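The values are calculated or read from the model by the stated rules, or taken from the named source; none is laboratory data. None of these values were measured; they are calculated from a predicted model. In this analysis, Cβ positions are derived from the backbone assuming ideal geometry, glycine residues included, and neighbour counts consider all displayed protein chains.
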């Protein structure tokens with residue numbers, strides 16, 4: 001569990017978009033507003049993305065709009081869900097990241113190009129574009145694109161694999177400072 005706890009701490013830090021030491025609805029507001037703004041989304045498209053992102057945050061992270069989550073609470077929830085039923089936890093993470101990356105794939109081509117990847121990371125408070133570019137390259141893009149399923153699978157592995165010997169590009173990216 002120590003290895004997974006390390007990775008969950010990295011994940012928690014990535015979800016603290018405004019870097020105030022807790023996850024709250026303020027992080028939701030900042031991420032969805034930045035995402036829509038950086039993608040230059042307007043009207044119904046912007047509203048739809050904001051609603052979908054809010055739904056993702058509430059269903060998979062916060063569980064309610066008025067909740068704040070400390071690192072300890074986040075680790076406890078991940079750990080207890082994982083230990084209670086690893087297959088169920090993996091299924092939840094599979095759904096979680098399929099939903100998230102479906103929102104991030106704004107042109108709905110089922111792949112992510114570098115500009116979409118950069119915007120997604122910036123929307124979550126990760127501003128170092130050089131490190132984000134390195135992270136993108138770790139996923140081995142073909143013709144400048146990464147299939148959505150490859151990104152989703154890398155995040156599922158990051159949040160569910162307890163094998164420290166298995167290559168983990170999301171973990172590597174966060175440890176590099178993304």
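Evaluate the following for residue 15: is it touching a residue at least 60 places away in the same chain (Cβ under 8 Å), surrounded by 14 or more Cβ atoms within 10 Å (Cβ to Cβ) and over 13 Å from the mean Cα position of the chain (by Cα)? So residue 15 fails the test. Residue check: residue 90 meets all listed conditions (1) part of a helix (DSSP H, G or I); (2) crowded, with 18+ Cβ neighbours inside 10 Å; (3) in contact (Cβ under 8 Å) with a residue 40 or more places away in the chain but one, namely (2). Listed by first and then second residue, the pairs linking a residue in the range 105-128 that is farther than 18 Å from residue 139 by Cα to a residue that is modelled with pLDDT of 90 or more and in a loop (DSSP other than H, G, I, E, B), with Cβ atoms under 6 Å apart and 6 or more places separating them unless they lie on different chains, are 124/17; 125/17. Only one of 101, 136 is modelled with pLDDT of 95 or more and closer than 25 Å to residue 27 by Cβ. Can you tell me which? After applying the criteria, what remains is 136. Here is the figure for the range 106-120: residues that are assigned to a loop (DSSP other than H, G, I, E, B) and in contact with a helix residue (DSSP H, G or I) (Cβ under 6 Å, 6 or more places away or on another chain) total 1. For residue 29, the criteria (1) free of Cβ contacts under 8 Å to residues at least 60 places away in the same chain; (2) in a helix (DSSP H, G or I); (3) under 25 Å from residue 169 (Cα atoms) hold in every case but one, which is (3). Being over 21 Å from residue 94 (Cβ atoms) and touching a helix residue (DSSP H, G or I) at 6+ places or on another chain (Cβ under 7 Å) is a property that residue 22 lacks.
Here is a yes/no grid of residues against (1) at pLDDT 95 or above; (2) surrounded by fewer than 19 Cβ atoms within 10 Å (Cβ to Cβ); (3) within 25 Å of residue 90 (Cα to Cα):
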position: 149; (1), (2), (3): yes, yes, yes
position: 159; (1), (2), (3): yes, no, yes
position: 168; (1), (2), (3): yes, no, yes
position: 178; (1), (2), (3): no, no, yes
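Residue count for the range 32-67, restricted to those that are outside any helix (DSSP H, G or I), in contact (Cβ under 8 Å) with a residue 24 or more places away in the chain and within 24 Å of residue 10 (Cβ to Cβ): 1.
Here is the figure for the range 78-90: residues that are under 17 Å from the mean Cα position of the chain (by Cα) and closer than 23 Å to residue 24 by Cβ total 1. Is it true that residue 20 is outside any helix (DSSP H, G or I), farther than 30 Å from residue 107 by Cβ and at pLDDT 95 or above? Against the criterion (outside any helix (DSSP H, G or I), farther than 30 Å from residue 107 by Cβ and at pLDDT 95 or above), residue 20 qualifies. All of (1) surrounded by fewer than 16 Cβ atoms within 10 Å (Cβ to Cβ); (2) in contact with a strand residue (DSSP E or B) (Cβ under 9 Å, 6 or more places away or on another chain) hold for residue 76 with one exception: (2).
Restricting attention to the range 121-146, report how many residues are part of a helix (DSSP H, G or I) and closer than 22 Å to residue 161 by Cβ. Qualifying residue count, the range 121-146: 6. Inside the range 104-133, residues that are over 19 Å from residue 14 (Cβ atoms), modelled with pLDDT of 90 or more and surrounded by fewer than 15 Cβ atoms within 10 Å (Cβ to Cβ) make up a count of 4.
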